[in-house]
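Below is one structure, written out as structure tokens; the observations come after it.
The values are calculated or read from the model by the stated rules, or taken from the named source; none is laboratory data. The shown structure was predicted, so the numbers you read here are calculated from the model rather than taken from an experiment. Here Cβ is always computed from backbone atoms with ideal geometry, including for glycine, and neighbour counts include all displayed protein chains.
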Amino acid sequence: MDSPEQRIKIAVQKTGRLTDHSVELLERCGLTLTKSKDQLIYYGENMPIDLLLVRDDDIPGLVSEDICDLGIVGLNVVEEKRLNLEAGGNAGLFKQIYELDFGHCRLALAAPEGTEYSGPESLEKSRIATSYIGILSNYLNKNNIDAETVYFSGAVEIAPKLGRADFICDLVSTGSTLKANGLTEVEVLLESEAVVIQTQAPLGADKQALVDKILQRLDGVLQVRESKYIMLHAPRSGNDEKVAVHAVCRETVFWETLENLKAAGASSLLVLPVEKMLA
Ligand code: PRT
Ligand code: ZN
């Protein structure tokens, strides 16, 4: 299955917040990549999978037009594209199949500190600056709010200072950008993270089998990320004998937990990272 049509094409962000995580995740699934000179395509050496490096905004389109089989992109970008496609009469042109637990952020409404806000009705007759016209309009419609949307392609947070808007609707992660611009978050419209989307077009049995295998490996990679393998000697109750205990813990193991185990009589405590897990 090595002809170009038989190879799986995955669209990933070329340079940005999602790039390193996306490529790293696929490498941890066992994919070895040759990075081409022009850096537009990474070829899979050991599996018929290639990565197309593109702007994140282009990823849902490439997948919906079946140029790529899969894409890794923020849910915020997927939702915006989906609403735009639906507005143009094209529904369901890609399926969202998997959440990747990185690239976490939220699309939120914010206003200059001191602005009165008591719920969506406070947005009535206001001007709201955003790059996410689709998601914002959808939210306003659902809440029966009549407000003006003002498109900004970037630097949305300066719109109020420029006198162009009363509110902004933008991505927030730590909140420091809002703070630096004297803005307060008032409402969350969407919780986002990186997701895998797949074309609606049938892939054929071989390709689908490989996609399923990659998704199963992704599952394993995500599961072991925080997991730790714990070994310790624990006393049997009633005598001095000790037994060796081995366990997998799915969450971060804190020093306090180890100290408590030691206080309860455990010894030779060892915590190791887990590399791979197959359920
Ligand atoms: O060039 P290209 O179009 O591919 O990249 P881009 O500039 O459009 O995207 P990029 O790389 O900035 O972000 C890619 C994806 O990362 C987004 O679509 C989100 O899914 C996700 N993500 C996670 C974020 C953030 N966190 C984030 N904090 N995207 C943007 N921001 C920006 C936000 O717009 C604001 O300007 O960071 C600022 C706020 O951050 P805090 O930490 O100050 O709150
Ligand atoms: Zn972008």
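Test of understanding: among Ile67, Ile59, which residue is within 22 Å of the chain's Cα centre (by Cα) and within 16 Å of ligand 1 (Cβ to nearest atom)?
Details: Ile67 fails: within 16 Å of ligand 1 (Cβ to nearest atom).
Only one candidate qualifies: Ile59.
In this structure, does Gly103 turn out to be at positive phi and within 16 Å of ligand 2 (Cβ to nearest atom)?
For Gly103, the condition - at positive phi and within 16 Å of ligand 2 (Cβ to nearest atom) - is met.
Does Glu86 meet the test of being more than 30 Å from Gly220 (Cβ to Cβ) and not β-branched (Val, Ile, Thr)?
For Glu86, the condition - more than 30 Å from Gly220 (Cβ to Cβ) and not β-branched (Val, Ile, Thr) - is met.
I'm trying to understand the selection: among the residues of segment 186-197, which are surrounded by fewer than 18 Cβ atoms within 10 Å (Cβ to Cβ) and within 9 Å of ligand 1 (Cβ to nearest atom)?
The answer is Glu193, and nothing else.
Determine, yes or no, whether Leu215 is assigned by TED's automatic domain parsing to the domain that holds Leu83, in a helix (DSSP H, G or I) and modelled with pLDDT under 95.
So Leu215 fits the description; yes.
Check segment 174-189 and report whether any residue there is within 16 Å of ligand 2 (Cβ to nearest atom) and assigned to a strand (DSSP E or B).
No, the conditions are met nowhere in segment 174-189.
Of the residues Leu52, Leu26, Leu31, which single one is aliphatic (A, V, I, L, M), away from ligand 2 (no atom under 13 Å from the Cβ) and part of a helix (DSSP H, G or I)?
Leu26
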